Each structure stands twice: as structure tokens, then as C-alpha cells.
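The values are calculated or read from the model by the stated rules, or taken from the named source; none is laboratory data. Computed from a predicted model, the values in this text were never measured in an experiment. For neighbour counting, all protein chains shown are included, and Cβ atoms are generated from backbone atoms with ideal geometry for every residue, glycine included. Ligands, DNA and RNA are excluded from the accessible area calculation, which covers all protein heavy atoms including side chains. Shrake-Rupley method; radii C 1.70, N 1.55, O 1.52, S 1.80 Å.
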Amino acid sequence: MFVPCGSSAPPDFEGFTLLLPAVSVGNVGQLAVDLVIFTLDMPKVGYFYTDCLVPMVGNNPYATAEENSTELSINAEVYSLPSKKLVVLQIRSPFVNNKYRSFCQTLLSWVKSSRCAKVILLSSSHAYQCDDQQLHGTPLRYLFSPAIQKTAGELMQRLNWKEMEKVAAYPGVNDTEMVLRIPGGGITTLLFSESCSNRIQMAVLLKFCSEGDNIPDALALVNYLNEWLQLVKSEQNSAAPATPSQWKIPHSWRLLFGSGLPPALF
Amino acid sequence: PYCTTCVLIHCLFCLHLTYLFLFLYAREVHILWFSKLSASTGSFTDEQFPCSKFILAIGHNSVAFLSSFVLNSGCWEAAGSVKLWNEWCRTSNTTSVLPTDAFCLFYKLISDPTVLLCQCNCYVAEDQQFQWLEKVFGCMREEDLQVTILSTCPVTDYKTPESTLTLPSPFLKALKTKDFKETTCCPLLEQPNIVQGLPAAVLSYCQVWQIPAVLYQCYTDVISLDTVTIEAFKPVLSSKNLKSLVKVKLNFKDKWKVLSLLILECLRV
């Protein structure tokens, strides 16, 4: 459930766009959300307190100076920027076993009660499981729920985006029955199907990737999102897409592959 | 007349449901408060008890630290226990435990019953941590509540630009909630380091519900019970929350003799 920070009145998210990551392969969605929060300098407005996520705490991942480096951060926090009508939910830990469905229900009921206009889920999928048609062209895909198709469908055609392909449910046996499969996508498929049946405006933006250094994947996904939402404008030409240098990388991304090596090794 | 296959499938289904029910029931966290037990009926009373200080030790070394420096120096009585079962541990509701047993026990200060101390050296699984929190804090009526958590973890979990081999372990790092206004007894944990498990669950709860809380995390290279690791917690004795509980001005040498004997004893067990 959403708990506002401090004793302030709960913020109003009516008509806002909710951006959140799926905890998926390479943590691409979470890294992309980090870039959005840090670049737009979004203030924290509350917590998403739930029993569905593994507990985790640390100091402020978006610290810019000594003064704000000692603020405690927890596993699911909500950031908001009313000027852009944007609310972001950052998820920093994996799900507790068997709690996927419960999390989706809690999240969607919060979306309904807070009257957010639309939900954008940033996700990723295993690149090694791409089929022949998915290997062609860009590794970025989108998915729209029927409710959002009416409002944003035309824009997608203009941007020349590719929709996530459906695959045969029983390949080689029956090629007529097609289903949506996002291997390594965590809650993506479940959250998307629940949103479709609940008539929630939901868009999924995803990238095919592999585990490793996923910073380039996160930059690609956040640029893809920026083509649509225009969160960051290019300095030279406002119509041009943002370059990677325009996204600010938080200091907490240091030591992504662990501590330094013992000097005796060399 | 029923066909044999149908009966078999039905039986299997029932068996599966029973197993599922037993599994879910087995993972339930049970809290037993001794002082709240009604003498005549033996049943629980629903009242919440007032709490001003909650000191929680998680792990063998933190538990041993509290036993030797806090429980020893005041008059405490056993107040309750947590009973849980998971893949790694099974606790019982007895209070006569050995330091090597898995247990989670509560103690109350006799002179001030609003001071609660918890010693938890059992593993609380991820799906049980939220339950543990809701049940323990659900019993408390917060009266200017201050929470202190002590915990240990391997030094290899600590992230630093240098190698962890060069670090003088054990060492102490702190994390505090927004409402904790005092200074901590050691440096704060730097980014990108994080804390997980029960200490993180308690600290998150306190952050969300605006309870002043501090976590002292000891990074050590010895996993088992170890006097050097226990000693690393000594700076915490000067904190406001623990200072008043350590009555005797400690003669550390004598204390260590007693503690070393105690540890040798339990290792022999």
C-alpha cells in the first residue's frame, strides 16, 4: 500500500503517468527508472509498503552532496514530478516466492484508487530466446493494452515502433494459436494481462538483452521511452532524441561488479 | 458407482490441498507472551503493552554481545518467544535454551517494563519477515519508542573501491531512519552498500511508520561465535539507548574472562 513520506497529506496523482520497472533480466527496467529519477531530480513522496518484496535498506542512492547522502531508502519508493504529471515507482528488490499475483493486485488497486491516467512498465526479455522474426531490426518492443490503444496507437505508428510479436503456443503442432511470451520478464506478462482484463491503460516497453553490463541496455530503453514522453529534450535540437550523455548516472551505480581486487594478485 | 481413476484423482487432489494447508500453516510465525497469559484460562489477552525502548539482536554474535553486556548487568525477566519453522531452523517455545540452539526470545527490564529486548539467533525466512514485524510491533503501544538493532554479516558483502582483504575487520557501520536524530556511535554505511534480511525489514518498518531507529551492522570475517566480533559492538554501549541499561561500570577484563568461559562451554556443547 502507498504510505506518504512524513505527515503530509497524500499527494494527488489524478491524470498522472505511472512509470515502474518489472524486476526482469539484467535489471534493465530498474536501471532505466534510476536514470529518470536522477536526471529529472524527482522528489520522494512516499513508500509502497508491501509484504511481496524482499526487504532491503541502504542510504540515498541519488545523493548529490554529503547532506542528502544519509537519507534511508527502502525496497519500493514513490517519486513524483507534478510539472510533468509523472509518478515513478522504483522497485529495488526481487519478489518473495508466490507473491507475484498478490503484488499485481495491490499495485492495480492503487493505480485505480489514485486515478493515474496510464501505466508504463519498463521491462526486458532474454535475448537468447528471440525467434527468427524478433532477431530482425531493433531489439526494442512495445505492448499496449486495449484501453491505451485508442489514445496512443496512432503515435506508435508515427514513431515507427515495433509491437512485441506473439509466438505459437505449440510450435510445430499448432501454429494458429498464438500467445504472448516474455521469458525473463518477471511480472510483465501477468501485470499486462491483468491490466487488459481490468481495462487499465497500460504500455509495456521492453528490450531484448542478456545478463552482464546492462547500462547500455538501460540507456537504450530510457531513450526509447523518451521518444514517446519527451522527458528530456536534446540540447541542440528539441526534436532530436536525447543522447546518452544527457542522462545523469547516479553515484550508487559504482562498484556494480563488486569491490576492488586484492593488490597481491598482480 | 465411481470409477477408480476418478477416486484416485480426487484423493490426490485432497492430499495436495492438505499438504498446501499444512505448508502454509507451518510457515506461520507464532508469538507467545508469557506475562500476557491469563493465569486462570491460559489464553492470550488482546491488550498491547507500552514500549519505549526496543533492542533487537540478530545473529549469534549480537545475541552474545547483549547477553554479556546488557542482560548480565540488569534484572531482566523472560517476556515471550517467537515460534517459527522454515527450511533452515525450527524454534521451540522454551526459555531454557543453549546459545547454540535456534531461538527468538524477548526479555523485559523488571525496573522498567517498557524496555523490551529481543535476542534472535534463528533464521527468519523472507516470507516470514513481514509476519514477524506485524506481530511483534502489533503488540506494542509506542510511547516515544526508540529501536536499536544489532546485526552481523560477512565482510565480503561490503563494497569498497579497495579490496575487502585490506580492511581491518571486524568493523561497525550504522544506518538510521529519518526520525532518528541522535548521532550514531560509528560511521554511516556508504552507498552502494545495502542491508538485507530481518534487520532491513525492521528498519524499513520504522522508516515507513516514522519510528526513530538505528541499525549497527558489524562486518566480520568470522561467521561463527567469536569474541573479537562481539567486542566490535562495544562502541554501541555509549549510545543513549543502551547507556542506561549497562548499570555496572564495566571492568572489561573480568567480563571477557567470564564471556570466554561461557563461549568455550557452549562450543563444547
ask   = When only residues in region A:71-92 that are within 13 Å of another protein chain (Cβ to nearest Cβ) and buried (at least 18 other Cβ atoms within 10 Å of the Cβ) count, which is farthest from A:W228 (Cα to Cα)?
value = A:L72
ask   = Any idea which of A:Y100, A:Y47, A:Y79 is in contact with a helix residue (DSSP H, G or I) (Cβ under 7 Å, 6 or more places away or on another chain) and in contact (Cβ under 8 Å) with a residue 60 or more places away in the chain?
value = A:Y100
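Can you pull out the residues in region B:157-166 that are facing another protein chain (nearest Cβ under 9 Å) and either assigned to a helix (DSSP H, G or I) or open to solvent by less than 30 Å² (accessible area, probe 1.4 Å) (or both)?
Scanning region B:157-166 gives B:Y158, B:T160, B:S163, B:T164, B:L165, B:T166.
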query = If you take the residues in region A:93-118 that are within 14 Å of another protein chain (Cβ to nearest Cβ) and hydrophobic (A, V, I, L, M, F, W, C), which one is most open to solvent (accessible area, probe 1.4 Å)?
reply = A:F95
ask   = Given the residues B:S169, B:S151, which is the only one that is under 17 Å from the mean Cα position of the chain (by Cα) and more than 9 Å from chain A (Cβ to nearest Cβ)?
value = B:S151
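Let's see how each residue does on (1) within 26 Å of A:F2 (Cβ to Cβ); (2) of a type in the set (A, V, I, L, M); (3) out of contact with any Cys (no Cβ under 9 Å at 6 or more places or on another chain); (4) open to solvent by less than 40 Å² (accessible area, probe 1.4 Å):
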{"site": "B:S151", "(1), (2), (3), (4)": "no, no, no, yes"}
{"site": "B:P168", "(1), (2), (3), (4)": "no, no, yes, no"}
{"site": "B:L175", "(1), (2), (3), (4)": "yes, yes, yes, yes"}
{"site": "B:K178", "(1), (2), (3), (4)": "yes, no, no, no"}
{"site": "B:L189", "(1), (2), (3), (4)": "no, yes, yes, yes"}
{"site": "B:I194", "(1), (2), (3), (4)": "yes, yes, yes, no"}
{"site": "B:G197", "(1), (2), (3), (4)": "yes, no, no, yes"}
remark   = Scanning region B:235-269 residue by residue, those at pLDDT below 90, open to solvent by 50 Å² or more (accessible area, probe 1.4 Å) and under 30 Å from B:P113 (Cα atoms) turn out to be B:S238, B:K240, B:K243, B:S244, B:K247, B:V248, B:K249, B:N251, B:F252, B:D254, B:V258, B:L262
Count - residues of region B:27-59 that are at pLDDT below 75 and open to solvent by less than 80 Å² (accessible area, probe 1.4 Å) = 7
task = Considering only region B:76-132, state which residues are within 14 Å of another protein chain (Cβ to nearest Cβ), open to solvent by 10 Å² or more (accessible area, probe 1.4 Å) and more than 19 Å from B:C153 (Cα to Cα).
result = B:E87, B:D127, B:F130, B:Q131
ask   = Out of region A:251-266, which residues are part of a loop (DSSP other than H, G, I, E, B) and within 7 Å of chain B (Cβ to nearest Cβ)?
value = A:R254, A:L255, A:G258, A:S259, A:G260, A:L261, A:P262
remark   = For region B:167-192, pairs from a residue that is under 15 Å from B:L203 (Cα atoms) to a residue that is modelled with pLDDT under 90 and surrounded by 15 or more Cβ atoms within 10 Å (Cβ to Cβ), with Cβ under 6 Å and 6 or more apart or across chains, are B:L188/A:T70
ask   = Would region B:83-105 turn up any residue that is assigned to a strand (DSSP E or B), closer than 17 Å to B:G197 by Cα and among the aromatic types (F, W, Y)?
value = yes
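Output the number of residues of region B:60-86 satisfying the condition of being under 24 Å from B:S224 (Cβ atoms) and modelled with pLDDT of 85 or more. Break it down into steps so the answer makes sense when it comes.
Applying the first criterion (under 24 Å from B:S224 (Cβ atoms)) to region B:60-86 yields B:60-72, B:81-82, B:84-86.
Right, trim to modelled with pLDDT of 85 or more and you get B:60-71, B:81-82, B:84-86.
Residues that pass the stated criteria total 17.
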ask   = Which residues, counting only those in region A:25-65, are at pLDDT 90 or above and β-branched (V, I, T)?
value = A:V25, A:V28, A:V33, A:V36, A:I37, A:T39, A:V45, A:T50, A:V54, A:V57
remark   = B:E143: passes all of (1) outside any helix (DSSP H, G or I); (2) in contact with a strand residue (DSSP E or B) (Cβ under 7 Å, 6 or more places away or on another chain); (3) buried (at least 17 other Cβ atoms within 10 Å of the Cβ) but (3)
Selection status of B:D101, farther than 21 Å from B:V202 by Cβ and in contact with a Cys (Cβ under 9 Å, 6 or more places away or on another chain) = yes
key: Flag if B:L203 is aliphatic (A, V, I, L, M) and open to solvent by 10 Å² or more (accessible area, probe 1.4 Å)   = no
request  = Scan region B:196-228 for residues that are at the interface with chain A (Cβ under 9 Å from one of its Cβ atoms) and under 24 Å from B:T156 (Cβ atoms) and report the count.
outcome  = 10
inquiry  = Give me the strands (runs of 3 or more DSSP E) completely within region A:119-196, filtered to those with at least 3 residues that are open to solvent by less than 40 Å² (accessible area, probe 1.4 Å) and within 18 Å of A:A22 (Cβ to Cβ), ordered by residue number.
reply    = A:140-144
query = In region B:47-102, how many residues are within 25 Å of B:S244 (Cβ to Cβ) and of a type in the set (A, V, I, L, M)?
reply = 11
inquiry  = Is it the case, given these coordinates, that B:Y19 is of a type in the set (F, W, Y) and at pLDDT 85 or above?
reply    = no
